[in-house]
Amino acid sequence: MNEHSIRDVVIVGGGTAGWMAAAAFSRFLNNGYTRITLVESDEIGTVGVGEATIPPILRFNQMIGLDENEFLAATGGTFKLGIEFVDWGGLGERYFHPFGNYAQDLQGVHFHQLYLRERARRPIPDIAAWSMSAVAASLGKFGRPSASAQSPVRELFYAFHFDAGLYAQLLRRLSESRGIVRVEGKITDVTLRPEDGYVQSVTLADGRTIAGDLFIDCSGFRGLLIEEALETGYEDWRHWLPCDRAVAAPCANVREPDPFTRSTAHAAGWQWRIPLQHRMGNGLVYCSDYLDDDTAEQQLLAALEGPLLADPRRIRFTPGRRRESWSRNVVALGLSSGFLEPLESTSIHLIQSGIARLIALFPDKRFDPIERFEYNRQMRDLYEDIRDFIILHYKATTRTDSPFWNRVRTMEIPESLAHKIALFEHKGRLFREGNELFTTTSWVAVCLGQHIVPREHEPAADALDEKLVAQALEQMRLGYWDTAQKMPSHAEFLARIAPQPVSQTPPSPPQAADALPVFSFAQDAPFAPPGSPV
């Protein structure tokens, strides 16, 4: 440490973003010098977005020392193998976006290229039949692969569904047990340093003043520091992502929880369905140009599978991002940084990525501009990467049944996305640049699921013997099917690993991952198994 080292970090706001930041800082800034203070007010509620996640959440939980089984018990969590999309490509259609990869490449040729070649030659099942995660999800099965797994189960990738409020409470207990100081109070004023406009302190309603060197803005959509104090500016993406409203309501479970999220397209938006252990999370995301708030709420309530557990919550948002996620000595995380609708469950990942990048580029009191520039560049690229992938779901549709779908189907799209679609339409080519979040599997799943089918395949695929490729594909497909049949049901697996009630004590140190439990058979499949043998 030296005289330039950051001594006081102040996190403004709690919720998921604030307590994720606190938990990470309690692990990586626990140096005996830096003090972490989190300021939040019980008077101000949180939006609570992010009940569904993507696989990188596993790394974050491991990084901060959460035991996976205790985490699931404390948050009412379930496993997630991907997302089922209903009525997106066209009415009456569905497809599955799985975690993990499609089968295995052969002799350096991407699997999806071989699949495209076989599909052009003969009728074959949907490509989801070659995904371990998709096949397991179709049967309502789950098994956590052990490090030494040799069967196709090693190709199963997963994330979680969980109660975002309970997750924040868990992270609070963990953070406070490691020395994070929580201050209760509503911020009424922000003081800027006159010499450079950096944030000097925040003032609470009772007159207390909290000063800091580095401030983390987790104040939600309003952006108390990043926008109201520093006037950073906001990029509005409603011309590409016209949905600007949501209504959310939990209901009781009426069946065992599925190991996947479901997204069902509606006439003016889409509905999410997120199964937890103790309830079902539901929400309708919609465009206010085509649907009013009262009608949206009525549509959501009419679609609930079980009894309503709490009053519906209405949320207004502007899709887009802050022009800078880091301005002067303020770093915005979560909704303060921007908002992209939860279609691909990226809200918590954006928080996680912002935290990881800040730790990697952690400044000192001199705040070197190059660190700030690099952070903003990386976060901008991440937001735009996710933006393009979400736009793809709207653009790639055959639906003509409503003004909303006619609008998004015919809209101009970013050049970066148009280029990617054109490459795929020609010969199924996909190239990832830099640290793009979504893999080839993700792009293939959505493109094929929503009728973007390449006119040809790569010439390299023709170099492989047709008979041997056909045999290899069938062997892999049957391997996934047989493995999934032997897995326990999702509910059985949860009962074995997380039977204890919600914990109110700090979580235990991480333990070794459980081995895959003894297999047994599941109940009825939640949707048609991909490529199931007749």
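Annotations
- The listed residue being in the same structural domain as I180 (by TED's automatic domain parsing) and in contact with a strand residue (DSSP E or B) (Cβ under 6 Å, 6 or more places away or on another chain), out of L29, L38: L38
- Cβ pairs under 6 Å, 6+ apart, first in segment 395-416 and assigned by TED's automatic domain parsing to the domain that holds L448, second aliphatic (A, V, I, L, M): K395/I413; A396/I452; S402/A267; F404/A268; I413/I391
- Restricting segment 343-354 to residues that are polar (S, T, N, Q) and assigned to a helix (DSSP H, G or I), the residue that is farthest from A22 (Cα to Cα) is S347.
- Single residue of segment 358-390 satisfying the filter (aliphatic (A, V, I, L, M) and in contact (Cβ under 8 Å) with a residue 24 or more places away in the chain) that is nearest to V285 (Cα to Cα): I390
- Checked against the criterion of being under 24 Å from the mean Cα position of the chain (by Cα) and part of a helix (DSSP H, G or I), the candidates L284, L241, L300 yield just one match: L300.
- Only strands (runs of 3 or more DSSP E) whose full extent lies in segment 1-112 are considered here, and the ones with at least 2 residues that are of a type in the set (A, V, I, L, M) are 8-12, 35-40, 82-86.
- Selected residue (criterion: nearest to G449 (Cα to Cα)) from residues of segment 61-85 that are of a type in the set (D, E, K, R) and within 18 Å of the chain's Cα centre (by Cα): E84
- Residues being of a type outside the set (S, T, N, Q), under 23 Å from M379 (Cβ atoms) and out of contact with any Leu (no Cβ under 8 Å at 6 or more places or on another chain) - total across segment 395-417: 3
- Test: residue in segment 355-365 that is out of contact with any strand residue (DSSP E or B) (no Cβ under 9 Å at 6 or more places or on another chain) and either at pLDDT below 95 or not in a helix (DSSP H, G or I) (or both): yes
- Residue satisfying all of: in segment 15-71; on the phi > 0 side of the Ramachandran plot and in contact with a Ser or Thr (Cβ under 6 Å, 6 or more places away or on another chain); modelled with the highest pLDDT among these: G15
- Where a residue in segment 50-67 is among the acidic types (D, E) and its partner, wherever it lies, is in a loop (DSSP other than H, G, I, E, B), with Cβ under 8 Å and at least six apart: E51/F162; E51/D163; E51/L276; D67/P507; D67/S508; D67/P509; D67/P510; D67/Q511
- Complete set of residues in segment 179-206 that are under 12 Å from L38 (Cβ atoms) and of a type outside the set (A, V, I, L, M): G179, R182, E184, G185
- G320 buried (at least 17 other Cβ atoms within 10 Å of the Cβ) and touching a helix residue (DSSP H, G or I) at 6+ places or on another chain (Cβ under 8 Å): no
- Screening A229 on (1) under 20 Å from G338 (Cβ atoms); (2) surrounded by fewer than 18 Cβ atoms within 10 Å (Cβ to Cβ) shows it passes everything except condition (2).
- Looking across segment 417-436, just one residue is of a type outside the set (G, A, S), closer than 26 Å to R399 by Cβ and either not assigned by TED's automatic domain parsing to the domain that holds K395 or not in a helix (DSSP H, G or I) (or both), and that is L430.
- Any chance I355 is touching a residue at least 12 places away in the same chain (Cβ under 8 Å), in contact with a Leu (Cβ under 8 Å, 6 or more places away or on another chain) and within 27 Å of P259 (Cα to Cα): no
- Qualifying residue in segment 373-382 (condition: farther than 20 Å from M20 by Cα and either buried (at least 21 other Cβ atoms within 10 Å of the Cβ) or touching a Pro at 6+ places or on another chain (Cβ under 6 Å) (or both)): no
- The single condition among (1) surrounded by fewer than 21 Cβ atoms within 10 Å (Cβ to Cβ); (2) in contact (Cβ under 8 Å) with a residue 12 or more places away in the chain; (3) in contact with a helix residue (DSSP H, G or I) (Cβ under 9 Å, 6 or more places away or on another chain) that R119 does not satisfy is (2).
- The condition (being among the basic types (K, R) and not in a helix (DSSP H, G or I)) is satisfied by just one residue among R409, R399, R377: R399.
- Taken over segment 207-234, the criterion of being over 22 Å from the mean Cα position of the chain (by Cα) and under 16 Å from R35 (Cα atoms) is satisfied by T209, I210, A211, G212, D213, L214, F215.
- Qualifying residue in segment 141-148 (condition: surrounded by fewer than 24 Cβ atoms within 10 Å (Cβ to Cβ), hydroxyl-bearing (S, T, Y) and not in a loop (DSSP other than H, G, I, E, B)): no
- The residue that is farthest from R122 (Cα to Cα), among those in segment 460-481 that are in a helix (DSSP H, G or I) and free of Cβ contacts under 8 Å to residues at least 12 places away in the same chain, is Q475.
- Residue in segment 202-223 that is part of a helix (DSSP H, G or I) and either in contact with a helix residue (DSSP H, G or I) (Cβ under 6 Å, 6 or more places away or on another chain) or surrounded by fewer than 22 Cβ atoms within 10 Å (Cβ to Cβ) (or both) present: no
The values are calculated or read from the model by the stated rules, or taken from the named source; none is laboratory data. None of the values given here were measured: they were computed from a predicted structure. So basically every Cβ, Gly included, is an ideal-geometry build from the backbone, and we count neighbours across all protein chains shown.
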